[in-house]
Amino acid sequence: MRPEFKDKIMHVLFLVPTLIAAGMLVMMLAFMSEGIGQISWRFLSSSIFEGGIFEPIMGTFFLFLGTVLITMPIGIFAAIYLVEYAPRDSKFVRIVDQAINNLAGVPSIVIGLFGYTFFCKILGLGISLVAGWLTLTLMMLPIMIRGTEEALRMIPQSFREAAMALGATKWETVRDAVLPAAMPGILTSILLGVARVAGETAAIIFTASVLTMKGLPRTPLEPVTSLTFYLFVLLVAIPKTSYKVAFGVALVLFGIVFLFSAIATVIRMYYRRKWKW
Amino acid sequence: MVRWRVRIEDLPIKIMLLISASSSIIVLFLMTIFVLKEGLPAFWEVGLDELLMGTRWAPYYGRYGALPLIIGSVLIVMTTLMISVPLGISVSIYISEWAPGWLKDPLKSMIEMLAAIPSIVYGFVGLMFIAPTIAEFFGLSSGQVVLTSAIVLTMMVLPTIVDISTEVMFLVPKEWKEAAFALGAGKWQVIEDVVLPTSKSGIVAAVILAFGRAIGETIAVLLTCGCVGAMPEGNVFLQPVYAITAAIVVYMGEAEYGGTLYHVLYALAAILFMITFVMNLLADLILRKMLGGVRSEARI
């Protein structure tokens, strides 16, 4: 067979799987869009006892808010140490690097089990919002550290040298010259982390949520219902529950997660184009 | 190397930074300890033999044979890889070699979007849409079978495979390809003889990571695998099974803290933890050798 002819066949042969892969995304979106009819102000703002999803939306919001507040300082500080303070390619950096990758690879159910035993039982927090925050922190931390690291590494050396020339100490340089410039990158990693945390189910099943709900938690020591947990409960109970509500919950959840990922991507693209050092 | 003025006031900050940087090591260390501490008692309470070789998973009757669960997980993961590896590599080859320049990034972003969808949403689509389709197509009474889980998981691991594979394919030196073209090779010959052999180990790393993701996936599998704790027989692709992760979710809610079932579930989690740990180390080793410190975003 002549090579040109074979190339044409191969081209088509490889185009097909690509179309299949793209078709998978289209299928997911098309299926999700069936929930559109369910979305209304009433659905979003009324309690789950009246067929709405107000508590799960607030629950998801509470969960990622606390997780971000805990993860943000630890993640940023860790990245600052790894990029600005630690000697490059030192043994410590290599071990931390590997630990971050491995932590990111731990199945979320194992993180959930660990959270249940360590935070709920041993630290005595019980199944609560705060236990959920701590467990989800373990999932968000690798994303936060990696994203901030990347943002810090993009800052040119001249920023640091300029600050030093003005007599700044190491920490003043980082605080006043490097961190502000890295802010868009850090924001991106927070948004990606939120997308991950808001969509997580397995890690909060034993740590933050219980089946019997009594409305919104009044203190962080009370359990919370998130969109993911509510959808899980609905799906396990089908066909006893209504499909319609499940469709609505899935669409809202998907919308929230997708929105955060999309904003993160846009910020990143915008600043990569605008800030060429 | 720049010399910095060091002030004594900066010391507490440096210590705080160091502690934060150590957090991931501390967490991973604690996790290892706990998984082992809570999982090991299962081996003398139930016995290694019964746990790993017992074929009856019926915790309410005091039978903790986890072999059906292990086989269930392995079946689902293997089926997933059988679909996703050829698919993912083909897509990567298309994106890196054939797709016109303006289409490369949109195609990559489309695949990456699959990674942004939460696993419960995948489970939802699998349960409500893919399972009924499979049931109808094969004439089954229930569509919650190995194949359904594998299709759902394929969508979930595809971004991992494609992201890393395209990245290593982009790294193949242009001169090598041009040299092959100059020798009269066709496009496919260049791919077959230059691109694939050069990026082979990177693709292997991508598959290893996909394996790790697939075996640890919980909610999407729980909703689609059928949750039947018996040894699968006959056409295994169309049998309902019980994945390890699914069993942990279902039984943990009822397990007494510190009881035998609790220890057994922890032992299963320990197996998962160790598998994913080793897989991650292996993939990192390969990728570090290949990319020399370059890190793929799909890793996280």
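Any read-out appearing in this document is the output of simple, stated calculations on the displayed coordinates, not a laboratory observation. Computed from a predicted structure; not experimentally measured. All Cβ positions, glycine included, derive from the backbone under ideal geometry; neighbour counts span all protein chains shown.
Note on A:L216/A:R175: beta-carbon distance plugged into 1/(1 + (r/R0)^6) with R0 of 30 Å gives a FRET efficiency of 0.20. Inter-chain neighbour count for A:10-20: the average number of beta-carbon atoms from partner chains within 10 Å of each residue's beta-carbon is 6. Annotation for A:K121 and B:L40: the two label points, set 7 Å from Cα along the Cα-Cβ direction, are 1.6 nm apart. Take the Cβ atoms of B:K14 and A:F5, set R0 to 60 Å, and the FRET efficiency comes out at 0.35. Derived from the Cα gyration tensor, the three semi-axes of the equivalent ellipsoid of the protein assembly as shown are 36, 33, 24 Å, largest first.
With neighbour counts taken as other beta-carbon atoms within 10 Å, the residues A:K6, B:K174 rank, fewest first, as B:K174, A:K6. Approximating the spin labels as points 7 Å out from Cα along Cα→Cβ, the B:L196-to-A:S90 distance works out to 4.6 nm. Per-residue Cβ neighbour counts within 10 Å put A:E150, B:E217 in the sequence A:E150, B:E217, beginning with the fewest. Counting other Cβ atoms within 10 Å as a rough exposure proxy, the listed residues A:L221, B:L67 run A:L221, B:L67 from fewest neighbours to most. Using a cutoff of 8 angstrom between alpha carbon atoms and counting only pairs six or more residues apart, the relative contact order for the stretch A:39-274 works out to 27 percent.
Can you find, among B:A131, A:G105, B:V168, the residue farthest towards the positive end of the dipole of the protein assembly as shown? Put +1 on the C-beta of Lys and Arg, -1 on that of Asp and Glu. Checked the options; the winner is B:V168. Taking amide hydrogens as placed 1.01 Å from N in the peptide plane, the amide H of B:R63 sits under 5 Å from those of B:A58, each at least 5 positions away in sequence or on another chain.
Placing a label point 7 Å from the Cα of B:T55 along the Cα-to-Cβ direction, the residues of the stretch B:208-230 whose backbone N falls under 13 Å from that point are B:230.
The loop-placed trypsin sites (Lys or Arg not before Pro) in the stretch A:71-154, going by DSSP, that have at most 15 neighbouring Cβ atoms within 10 Å of their Cβ come out as A:R88. Taken residue by residue and averaged, Cβ atoms of other chains lying within 10 Å of the Cβ of B:10-21 number 6. On the beta carbon distance between A:Q157 and A:R273, with R0 = 35 Å, the FRET formula returns roughly 0.95. Computed from phi, the 3J(HN,Hα) profile of the stretch B:227-242 under the Karplus parametrisation 6.51, -1.76, 1.60 (θ = phi - 60°) reads 6, 10, x, 10, 5, x, 10, x, 6, 5, 5, 10, 9, x, 9, 10 Hz, with x in place of Gly and Pro. Rounded to the nearest 20 debye, the dipole size of the stretch B:3-139 about its Cα centre is 520 debye, using +1 on the Cβ of Lys and Arg and -1 on the Cβ of Asp and Glu.
Here the simple spin-label model places points 7 Å from the Cα toward Cβ, and for A:F61 and A:V12 these points are separated by 5.5 nm. The calculated 222 nm mean residue ellipticity attributable to helices in the protein assembly as shown amounts to -22500 deg cm²/dmol, summing -39500 (n - 2.57) over DSSP H runs of n ≥ 4 and dividing by all residues.
Other residues lying with their Cβ under 11 Å from the Cβ of B:W188 contribute a combined charge of -2, Lys and Arg counting +1, Asp and Glu -1. Note: chain B, Cα convex hull, 201 Å³ per residue. Have a look at B:A135, B:A214, B:A243 and tell me which one the Gaussian network model of chain B (Cα, springs below 10 Å) gives the largest fluctuation. Judging by the Gaussian network model, the answer is B:A135. Over what distance in Å are the Cα centres of the stretch A:137-174 and the stretch A:30-47 separated? Between the Cα centres of the stretch A:137-174 and the stretch A:30-47 lies a distance of 42 Å.
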